[in-house]
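The values are calculated or read from the model by the stated rules, or taken from the named source; none is laboratory data. Because the structure is predicted, anything quoted here is derived from the model rather than measured. Glycine gets a Cβ as well: all are built from the backbone with ideal geometry, and neighbour counts include every protein chain shown. Ligands, DNA and RNA are excluded from the accessible area calculation, which covers all protein heavy atoms including side chains. Shrake-Rupley method; radii C 1.70, N 1.55, O 1.52, S 1.80 Å.
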Amino acid sequence: MGLLSRLRRSGSGQPAKRPRAAQQDRAYGTGVWRQHRDRFNRAVDRFYQTALAVREEARGDDPQQEEAAEALAALTYDLNALGERIDETARRAHAQVPVADMVVPAQVRAVVGDLAEGMSKAALLVAQAAQAAAMSRAAIRMGTDPREAARAAGSYVRDAQRAVERLEERA
């Protein structure tokens, strides 16, 4: 987990306490649940970094840029909450059916269904939101309207929220 992720999760501007790797190994395992949890959180970190850059580059005298920057900033709160929910999903999955490999064995799949694929899909949606946020940043740099890309980022975040809700129903 990167520095921005720790800052984001603490909410105070001070780095949150980072659990030691051994603690994370116990909580999430070292296999597929940990992989998907980490992938999701890396995508959230990329979104956060991009939203921060948009905020820094947006001109205060341009209402379109301000609107896009504010929309992306608001989405970081939603993604932070989703990250905590993914953490809990991975924690429960590991406690219920620990998997040390990157492949879900058939006997585990019988218990969890397509939970691993659902976690991967949620991470993909957040990565797409980060890409849309980057397009908003590019629009600011080119002097075009960044709001459409910011709206697309919001759409991907809402899709990720629905994906996480479906995961929680399965877990």
Listed values (i) 1, 8, 16, 20, 22, 17, 9, 4, 2, 1, 0; (ii) 1, 8, 12, 15, 16, 12, 10, 8, 6, 4, 3, 2, 1, 1, 1, 0, 0; (iii) 2, 9, 18, 19, 16, 14, 10, 6, 4, 2, 0, 0, entry calculated as P(r) over Cα pairs in 5 Å bins from 0, in percent: (iii)
Cα lying deepest toward the dipole's positive end in segment 115-171, options Gly118, Ala149, Ala138, charges on Cβ: Ala138
Heavy-atom accessible surface of the chain: percent carbon and sulfur, 1.4 Å: 50
At least 20 Å along the helix axis (C-alpha) and Kyte average at least -0.5, DSSP helices within the chain: 115-142
Cα gyration tensor shape of segment 52-140, rounded if a/c is under 1.5, else prolate or oblate by comparing a/b with b/c: prolate
Whole-Å distance, taken between Cα centres, linking segment 114-171 and segment 17-89: 11
Per-peptide average of other Cβ atoms within 10 Å, ordering 28-39, 135-146, 66-77 highest first: 28-39, 66-77, 135-146
